[in-house]
Amino acid sequence: MGNSVLLGMSGGVDSTASAIILKEKGYEVTGATFILSDEPNFKRSVDDSIKAAKKIGINHIVLDYRKEFKNEIIDYFVNEYLKGRTPNPCILCNKMVKFGKFLNTADDLGIEYVATGTYAKLKEKNGKYYILKPANRNKDQTYFLYKLNQKILSRVIFPLGDIESKDLTREIVKKSNIEIYKKKESQEICFIKDNKYFDFITDYSKINIKKGNFIDKKGNVLGNHNGVINYTIGQRKGLGIALGKPTYVIDINVKNNTVTLGENQDLFKDSLYISDYNFIDNEFEFENIVLTAKIRYGADEEEVNLKKKDNHIHVKFKNPVRAIAKGQSIVFYKGDMLVGGGIID
């Protein structure tokens, strides 16, 4: 195996820069582009990646993971929304596909390492591997990595961990005369066109999403909603109802087909429970110490204490946090180190 590495290439700036960095460091790089669904963006990714790989002078392959992606990620995403929860499919995809299935492919090809254009650092200490925040804090993507385990991390490389800004990443690509350096970033979920969640979920599930009632905290009917999958906790815009004051989604009840509306102050909570959790170091003693946590990717970190209760972990915040959504992931840090995380119940 030696210094061989299989690099996930999306046809974007970050993975292209990663290919250049790895080659300059002497790795034998094979670029690999995933096809995860029939959306046209994957065809563009393949075309752009092939051009970049040729320019850099590395091998390139295309990996069709549509079956695995449908069974493991899309089914999960749709089922969670139908339960009135707010899933984060990218986190599960990282574990199951972008690193899990990808490592199996690397094994089949006799390749030692896998790499991605993820902004994160990896540190080895006393035979264990730890994920750290990258130099570019504005692009910190460690939130999406908490489900990875020691077996996976022992074979992972994050080439962009020490790159301090996106401008520097683009400059690496520009110096290699690859037009991709101009490419804009995509903020959309890769398998949903134009962020039209409702259309995708109804088409995919073949379920007739029924309208229901908006209610207040006392159960009084305020009006009609267009189906629970159209709403998330904390949502204010697009409710289609005017109550003469700022109004937010504070609860979703699939069983009763109701969406509860309230005021901003109703969104603040000081504790939650998580299940399906993972700690990067499974021997990490998380009780009786202060950690910080993010309840969604774009959230600020808040101080927390954790306590295990049966099959759950109870998370207590030092200060109340806004708009906790069931199904989202909460992720824990000790300083710059990603400790672990879990699904909010």
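The values are calculated or read from the model by the stated rules, or taken from the named source; none is laboratory data. None of these values were measured; they are calculated from a predicted model. No Cβ is skipped: glycine too gets one built from the backbone with ideal geometry, and neighbour counts run over all protein chains shown.
Sort through Tyr119, Tyr130 and tell me the only one that's within 15 Å of Ser18 (Cα to Cα) and aromatic (Phe, Trp, Tyr).
Working: Tyr130 fails: within 15 Å of Ser18 (Cα to Cα).
That would be Tyr119, the only listed residue that is within 15 Å of Ser18 (Cα to Cα) and aromatic (Phe, Trp, Tyr).
Having 1 or more residues that are at positive phi and out of contact with any Phe, Trp or Tyr (no Cβ under 9 Å at 6 or more places or on another chain) is the bar; report the helices (runs of 4 or more DSSP H) wholly within the stretch 36-122 that clear it.
It comes to none.
Residues are listed down the side, and each one gets a yes or a no for (1) over 29 Å from Asp216 (Cβ atoms); (2) assigned by TED's automatic domain parsing to the domain that holds Asn88; (3) crowded, with 20+ Cβ neighbours inside 10 Å:
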position	(1), (2), (3)
Ile233	no, no, yes
Leu239	no, no, yes
Val249	no, no, yes
Asn278	yes, no, no
Val290	yes, no, no
Arg296	no, no, no
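Quick check: anything in the stretch 221-231 surrounded by 15 or more Cβ atoms within 10 Å (Cβ to Cβ) and more than 28 Å from the chain's Cα centre (by Cα)?
At the first step, the residues of the stretch 221-231 found to be surrounded by 15 or more Cβ atoms within 10 Å (Cβ to Cβ) are 222, 225-231.
When the remaining residues are screened for being more than 28 Å from the chain's Cα centre (by Cα), the result is 222, 225.
Yes, that holds for at least one residue.
Would you tally the residues in the stretch 94-127 being touching a Gly at 6+ places or on another chain (Cβ under 8 Å) and of a type outside the set (Phe, Trp, Tyr)? Even if it seems obvious, please write down each step before you answer.
The first filter runs over the stretch 94-127 and keeps only residues touching a Gly at 6+ places or on another chain (Cβ under 8 Å), leaving 98, 102, 112, 114-117, 119-122.
Restricting the remaining residues to those that are of a type outside the set (Phe, Trp, Tyr) gives 98, 112, 114-117, 120-122.
Total satisfying the criteria: 9.
For Ile74, are the conditions met, namely being in contact with a strand residue (DSSP E or B) (Cβ under 8 Å, 6 or more places away or on another chain) and closer than 30 Å to Ile274 by Cβ?
no
Whether any residue in the stretch 40-63 is over 30 Å from Asp345 (Cβ atoms), touching a strand residue (DSSP E or B) at 6+ places or on another chain (Cβ under 6 Å) and among the aromatic types (Phe, Trp, Tyr) is what I want to check.
In the first step, residues of the stretch 40-63 are kept if they are over 30 Å from Asp345 (Cβ atoms); the result is 40-63.
Now drop any that are not touching a strand residue (DSSP E or B) at 6+ places or on another chain (Cβ under 6 Å), which leaves 42, 45-46, 49-50, 53, 58-63.
Now restrict to residues that are among the aromatic types (Phe, Trp, Tyr): 42.
Within the stretch 40-63, one or more residues are over 30 Å from Asp345 (Cβ atoms), touching a strand residue (DSSP E or B) at 6+ places or on another chain (Cβ under 6 Å) and among the aromatic types (Phe, Trp, Tyr).
I'd like the residue in the stretch 324-345 that is in a loop (DSSP other than H, G, I, E, B) and either in contact with a strand residue (DSSP E or B) (Cβ under 8 Å, 6 or more places away or on another chain) or hydroxyl-bearing (Ser, Thr, Tyr) (or both) and, out of all such residues, is farthest from Ile250 (Cα to Cα).
Asp336
Filter the stretch 75-118 down to the residues that are farther than 30 Å from Ile250 by Cβ and of a type in the set (Val, Ile, Thr), then identify the one that is surrounded by the most Cβ atoms within 10 Å (Cβ to Cβ).
Looking at the filtered set, the residue picked out is Thr118.
I need the full set of residues from the stretch 138-175 which are among the hydrophobic types (A, V, I, L, M, F, W, C) and free of Cβ contacts under 8 Å to residues at least 40 places away in the same chain, in order please.
Leu168
Within the stretch 186-202, does at least one residue satisfy the condition of being loosely packed, with under 11 Cβ neighbours inside 10 Å, touching a residue at least 24 places away in the same chain (Cβ under 8 Å) and assigned by TED's automatic domain parsing to the domain that holds Tyr81?
No; the residues of the stretch 186-202 include none that is loosely packed, with under 11 Cβ neighbours inside 10 Å, touching a residue at least 24 places away in the same chain (Cβ under 8 Å) and assigned by TED's automatic domain parsing to the domain that holds Tyr81.
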